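**Student:** Pasting a structure below so you can have a look.
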Amino acid sequence: MSSLFEIHGLKSAIEGKEILKGFDLTMQAGEVHAIMGPNGTGKSTLASSIMGHPKYEVTEGKVLLEGEDVLEMGVDERARAGLFLAMQYPSEITGVTNADFLRSAINARRGEGNEISLIKFVRLMEAKMKELDMNPEFMHRYLNEGFSGGEKKRNEILQMMMLEPKLVILDEIDSGLDIDALKIVAAGVNAMREPDRSFLIITHYQRLLNYIKPDYVHVMMQGRIVKSGGPELAERLEAEGYDWVKDELGIVDETVGQA
Amino acid sequence: MAKQMPELEEYKYGFRDEHKAIFQSGKGLTPEIVRTISEMKGEPEWMLKFRLKSLEQFEKMALPRWGGNLDELDFNDIQYYVKPSEKQGKTWEEVPEEIKATFDKLGIPEAEQKFLAGVSAQYESEVVYHNMQEDLEKQGVIFMDTDSALREHPEIFKEHFGTVVPPADNKFAALNSAVWSGGSFIYVPKGVKCEIPLQAYFRINSENMGQFERTLIIADEGSFVHYVEGCTAPVYSTNSLHSAVVEIIAKKGARVRYTTIQNWAPNIYNLVTKRAVAEEDATMEWVDGNIGSKLTMKYPAVILKGRGAKGMVLSIAVAGKGQHQDAGAKMLHLAPDTTSTIVSKSISKHGGKVTYRGIASFGRNAEGAKANIKCDTLILDNQSTSDTIPYNEIMNDNVTLEHEATVSKVSEDQLFYLMSRGLSEAEATQMIVMGFIEPFTKELPMEYAVEMNRLIKFEMEGSIG
């Protein structure tokens, strides 16, 4: 049986500059993987490339969700196949309420003739917002418009909870969150952990991993995974930083040289 | 009261038998045609004179050299008066398939479709109409087609007709004044507030969709009326010129809202003069949606004549392939403490062109007046264009004028974001467009807002790739 999610030799470039340089990862259903690394090592490029942001050009490799190559799919097809990316900088869409947007997104998955009823939707959204301690008025606010950084992150988690994807990528979901918000977001993620759902958590800090326990931790440098381990790896990185990894592997410049 | 209608019908049929031959070949415009129109309508002498004088004006005046391209407009190739009974002669089979398909996509019921396509003269809403009409009459509100108003309410008609938009105002106002037919007439007595919007739909009359309609609304002191005209279905017409005049008088403390949505076929020149006078503490609001047409030139105006008068124009314009929307607003502040708001939303796609053209003018007496203008344009592809041409005239030092203009494209990041949640590119684009015009849609009566969203969805189909 194939794994839930596999990345093979992924290479990706932006404006002709290669950032991912052969990235490999295999995740089984139900697992939580954390990807850590200093700035500029390609973490966000990984997230955007998997989801299919048009700015990134994938030049080589495969990304398989349940054996299907998502790189052959459009962005919307990837989403409907079960991929979800909680973004670091979600867009603002004026004039479109959070509720209208989410209902359209849910219905896009369910397909014509199988739309969620309005009442069911509203109840579901209210319940999930309550879990995330969100003010109910956010239902009728325009999508991300005027949201604080923390509110945007919570809204990303809300979308994840409502769309129930198979593979969730959290891109720096902890940045800009105070400790209370972090706990709420983490609780939201933990509530979604299921035997057939996997999480790929991209983070700069170990802090988040105190609340969402990963099964595996990977260190990313120079556009690929350079070291993998269990939760203890994250703890050591938190305590000692990244220099020992660089020393161990003989890496001088861990970045992909964006600057 | 509904009993009046059959009589009116018979009357018109009577005309047809007598004059059929003249009007089957009646293209072009001469004093004789104007005379015949007036005679057929049984108009008083003053209206005939008004028409003939307007025709002279029309002939004297040059075409505007600004705005859109009018080179292909041939005044000799236009039929200036089509009798309603003849319009009805059309059969459902003759209506082009694409028009029918559009009706279907918009979810318009068949009875209504036939009405819109000019096949049947009556939209089946007589019960609603009847109840509404009774209610209005109790309050002393007059709501009828303009031709009937001239016959039935000659005094109030003559007192106000042509006072807001005189024939010499512009070439197309002169043309309309010479050949006008149909349109709505509304009089709201002092202090009467019409709770339900008055809709042209319900004013059962086949001249609703007339090409030279003339609308006159008089809101007496302290009254309120919301008039809704048009619909989102494409107006199917074999005639290529639509030139209406709308005159509105909002007396002291009155409030008038005029909502239009028009979706013209791509062969139509839509050249319309809409103007209101707002007296002391009166409020005039234009909510104006323009979709389609070959060229639309339309600048709803408010003359803020009395102290504390308020004016608002909220408009959207959507231009597609080969289309030019030259639209905007005019606010003329003639009195102290007058305020105005203009919100213009334009969308161009498939090589369409949108121009915002507006005037904010402050006269010498406009002490303490304020105007706020916001023009936003959304361009959907690289072939489409937009222009913003605001004129300001300021004759008083103590006024406030704010102008804000934005031009945006549907951003890659926004599309990616929405698509990453499962929406197709078309759905994502629609969503962004609907969000863009939301300030307009939210002002529409519910059923129009729903239609409007369907229409935008339909318009956006095929906008991608």
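**Student:** Among residues belonging to region A:37-50 that are hydrophobic (A, V, I, L, M, F, W, C) and surrounded by 23 or more Cβ atoms within 10 Å (Cβ to Cβ), point out the one that is farthest from the other protein chains (Cβ to nearest Cβ).
**Tutor:** A:Leu46
**Student:** Looking at B:Val318 and the list (1) assigned to a strand (DSSP E or B); (2) crowded, with 17+ Cβ neighbours inside 10 Å; (3) within 14 Å of chain A (Cβ to nearest Cβ), which single condition is not satisfied?
**Tutor:** It is condition (3) that B:Val318 fails.
**Student:** Can you work out which of the residues in region A:230-256 that are touching a residue at least 40 places away in the same chain (Cβ under 8 Å) and part of a loop (DSSP other than H, G, I, E, B) is nearest to A:Gly61 (Cα to Cα)?
**Tutor:** Filtering region A:230-256 for residues that are touching a residue at least 40 places away in the same chain (Cβ under 8 Å) and part of a loop (DSSP other than H, G, I, E, B), the one nearest to A:Gly61 (Cα to Cα) comes out as A:Val256.
**Student:** Then there is this: Go through (1) more than 18 Å from A:Glu92 (Cα to Cα); (2) assigned to a strand (DSSP E or B); (3) within 14 Å of another protein chain (Cβ to nearest Cβ); (4) touching a Phe, Trp or Tyr at 6+ places or on another chain (Cβ under 9 Å) for B:Lys374 and report which single condition fails.
**Tutor:** (4)
**Student:** Scan the strands (runs of 3 or more DSSP E) fully inside region A:128-229 and keep the ones with 1 or more residues being more than 15 Å from the chain's Cα centre (by Cα).
**Tutor:** Here the list reads A:216-221, A:224-229.
Every residue, every condition in (1) closer than 30 Å to B:Lys345 by Cβ; (2) of a type in the set (Phe, Trp, Tyr); (3) more than 8 Å from chain B (Cβ to nearest Cβ); (4) in contact (Cβ under 8 Å) with a residue 60 or more places away in the chain, yes or no:
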site	(1), (2), (3), (4)
A:Asp76	yes, no, no, no
A:Gly82	no, no, yes, yes
A:Thr97	yes, no, yes, no
A:Arg103	yes, no, yes, no
A:Arg110	no, no, yes, no
A:Gly113	no, no, yes, no
A:Ile116	no, no, yes, no
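**Student:** Do you know which of the residues in region B:425-453 that are within 19 Å of A:Ala99 (Cβ to Cβ) and among the charged types (D, E, K, R) is nearest to the other protein chains (Cβ to nearest Cβ)?
**Tutor:** Looking at the filtered set, the residue picked out is B:Glu438.
**Student:** Can you tell which of A:Glu92, A:Glu68, A:Glu6 is in contact with a strand residue (DSSP E or B) (Cβ under 6 Å, 6 or more places away or on another chain), in contact (Cβ under 8 Å) with a residue 12 or more places away in the chain and of a type in the set (D, E, K, R)?
**Tutor:** None of the other options fit; the residue is A:Glu6.
**Student:** Among the candidates B:Tyr448, B:Tyr417, which residue alone is aromatic (Phe, Trp, Tyr), surrounded by 20 or more Cβ atoms within 10 Å (Cβ to Cβ) and modelled with pLDDT under 90?
**Tutor:** That would be B:Tyr448, the only listed residue that is aromatic (Phe, Trp, Tyr), surrounded by 20 or more Cβ atoms within 10 Å (Cβ to Cβ) and modelled with pLDDT under 90.
**Student:** Given the conditions (1) assigned to a helix (DSSP H, G or I); (2) at the interface with another protein chain (Cβ under 7 Å from one of its Cβ atoms); (3) buried (at least 23 other Cβ atoms within 10 Å of the Cβ), which single one is not true for B:Gly422?
**Tutor:** Of everything listed in (1) assigned to a helix (DSSP H, G or I); (2) at the interface with another protein chain (Cβ under 7 Å from one of its Cβ atoms); (3) buried (at least 23 other Cβ atoms within 10 Å of the Cβ), B:Gly422 misses just condition (1).
**Student:** Any residue at all in region A:142-154 that is of a type in the set (Phe, Trp, Tyr), out of contact with any Asp or Glu (no Cβ under 6 Å at 6 or more places or on another chain) and closer than 23 Å to A:Asp171 by Cα?
**Tutor:** Within region A:142-154, one or more residues are of a type in the set (Phe, Trp, Tyr), out of contact with any Asp or Glu (no Cβ under 6 Å at 6 or more places or on another chain) and closer than 23 Å to A:Asp171 by Cα.
The values are calculated or read from the model by the stated rules, or taken from the named source; none is laboratory data. Since the structure is predicted, the reported quantities are computational estimates derived from the model, not experimental observations. Using ideal geometry, Cβ is built from the backbone for each residue, glycine included, and neighbour counts are taken over all protein chains shown.
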